[in-house]
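Just so it is clear, none of the values below were taken in a lab; they were calculated from the coordinates. This one's a predicted model, so the numbers in the text were calculated from it and none came from an experiment. We place every Cβ from the backbone using ideal geometry, glycine too, and count neighbours over all the protein chains shown.
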Amino acid sequence: MTQAANLERIWRTLEQVPKGQVVTYGQLADLAGLPGRARLAARALRLAPAERALPWFRVIGAGGRISIPKTSPGYQRQMELLRNDGVEVNNGRIKLSEYQWQPDLAALMWQLEF
DNA sequence: ACTCTGACTCCTT
DNA sequence: GAAGGAGCCAGAG
């Protein structure tokens with residue numbers, strides 16, 4: 001498995017996340033078939049080509065917290081985008097019990113290609 | 001080869 | 001809660 005392939009898996013998994021729902025870095029890595037590689041998921045987001053228009057803002061830290069420093073401009077941007085999705089964000093926190101993505105089998109079928 | 005660093009997590013204070 | 005430490009993996013210097 002090359003690194004490029006791992007990034008691709010993460011990106012494709014991220015594309016499945018529907019509007020109004022979120023995933024944590026760890027969950028995204030797990031779903032992409034890369035258990036325990038939350039940091040790789042974070043890196044994948046940073047390296048994601050803009051033209052791909054991935055919903056990077058639907059990825060949050062474990063426990064439902066926005067994982068961007070409050071001092072960074074990206075913090076406010078992510079909150080806006082999430083609220084635009086209809087997701088409630090209170091003081092940088094999101095209720096996972098309500099918004100965490102629960103993928104169905106169909107959404108993960110693409111993985112069988114590997 | 002080695003040290004640093006990070007859009008991460010988990011566990012302990 | 002906040003803070004610190006330890007795994008963690010990859011890229012950068």
Once R0 is set to 35 Å, what does the formula 1/(1 + (r/R0)^6) return for the Cβ-Cβ distance between A:Ala4 and A:Leu81, expressed as a FRET efficiency to the nearest 0.05? 0.85
In a Gaussian network model of chain A with springs linking alpha carbons closer than 10 Å, the residue among A:Ala41, A:Ala50, A:Ala29 that fluctuates most is A:Ala50
Could you tell me which of A:Phe57, A:Tyr99, A:Gly74 has its Cα farthest along the dipole of chain A towards the positive end, charges placed at Cβ (Lys, Arg +1; Asp, Glu -1), taken about the Cα centre? A:Gly74
Let me have the relative contact order for chain A, percent, based on Cα pairs under 8 Å that are six or more residues apart. 28 percent
For chain A, with only Lys/Arg (+1) and Asp/Glu (-1) charged at the beta-carbon, what is the dipole magnitude about the Cα centre, in debye rounded to 20? 460 debye
Looking only at A:Lys95, A:Lys70, A:Lys19, which one moves most when chain A is put into a Gaussian network model with springs between Cα atoms under 10 Å? A:Lys70
Report the rotationally averaged projected area of chain A based on its alpha-carbon convex hull, in square nanometres. 7.1 nm²
Rounded to one decimal in nm, the spacing of the 7 Å Cα→Cβ label points at A:Asp104 and A:Thr71 is 4.5 nm
